[in-house]
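Contents: one structure, followed by commentary.
The values are calculated or read from the model by the stated rules, or taken from the named source; none is laboratory data. Remember, predicted model here, so these are calculated numbers, not experimental data. Cβ atoms come from the backbone with ideal geometry, glycine included; neighbour counts cover every protein chain shown.
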Amino acid sequence: MPGNRSRQSLIVLAARVCLAAWCGSACAAPLRLAVITSPQAPHITLDRDTLRNIFLKKIFVDGAGQRLIPVNLPPTSPLRKAFFRELTHMPDAQMQDYWNRQYFQGVSPPYVLGSQLAVVRFVATTPGAIGYVASCHTDGSVQVVLLLTLPDSADAAAACAETGGH
């Protein structure tokens, strides 16, 4: 039905316009992912390789001996999937296998928090915590230590539209 397809296109276009207005230019494609810490950032250089090793729990403490606490969004979060694709280049199944092996060696995966707002609040108040959110969800309570540009995708747009932001 041509009418249905036109209506769906208009709905998608309207949703994109609303997203851009709600989140500002920070949510315009491509999405910028902010890696955040508390205002007292860890004593470690946070580049992509180090960040990957922190989130894979291969690095546990910073240069001053502060315990590092990586936090994830839920497994169904489009932003989490994009973040791990960007850092590890592993498909979901391979990542699951990795954590299954780690678990049997006594290493638990990072904590999971329910929303980007929860990540911002936890990281802001927890020394050594490191998280990631769409850049439009950051505020003055956290320090942005690295910005990653994610490819333009429906997943990225949905991550910025997550409720519970500002």
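Can you pull out every residue in the range 37-54 that is under 15 Å from the mean Cα position of the chain (by Cα) and either part of a helix (DSSP H, G or I) or within 12 Å of Phe83 (Cβ to Cβ) (or both)?
Residues satisfying the conditions are Arg48, Leu51, Arg52, Ile54.
Taking the range 81-93 as the region of interest, how many residues are among the β-branched types (Val, Ile, Thr) and surrounded by 19 or more Cβ atoms within 10 Å (Cβ to Cβ)? Before the answer, list the steps.
As a first pass, look at the range 81-93 and keep what is among the β-branched types (Val, Ile, Thr): 88.
Checking which are surrounded by 19 or more Cβ atoms within 10 Å (Cβ to Cβ) leaves us with none.
So the count comes out to 0.
If a residue must be touching a helix residue (DSSP H, G or I) at 6+ places or on another chain (Cβ under 9 Å), in a helix (DSSP H, G or I) and either of a type in the set (Ser, Thr, Tyr) or surrounded by fewer than 17 Cβ atoms within 10 Å (Cβ to Cβ) (or both), how many such residues does the range 94-129 contain?
2
Restricting to the range 34-54, give me the number of residues that are crowded, with 22+ Cβ neighbours inside 10 Å and not β-branched (Val, Ile, Thr).
Going residue by residue through the range 34-54, those that are crowded, with 22+ Cβ neighbours inside 10 Å are 34-37, 42, 51, 54.
Now narrow it down to the ones that are not β-branched (Val, Ile, Thr): 34, 42, 51.
Number satisfying all stated conditions: 3.
Determine the pairs where a residue that is surrounded by fewer than 19 Cβ atoms within 10 Å (Cβ to Cβ) and assigned to a loop (DSSP other than H, G, I, E, B), located within the range 55-80, has a partner that is modelled with pLDDT of 95 or more and of a type in the set (Lys, Arg) with Cβ atoms under 6 Å apart, the partner being 6 or more residues away or on another chain.
none
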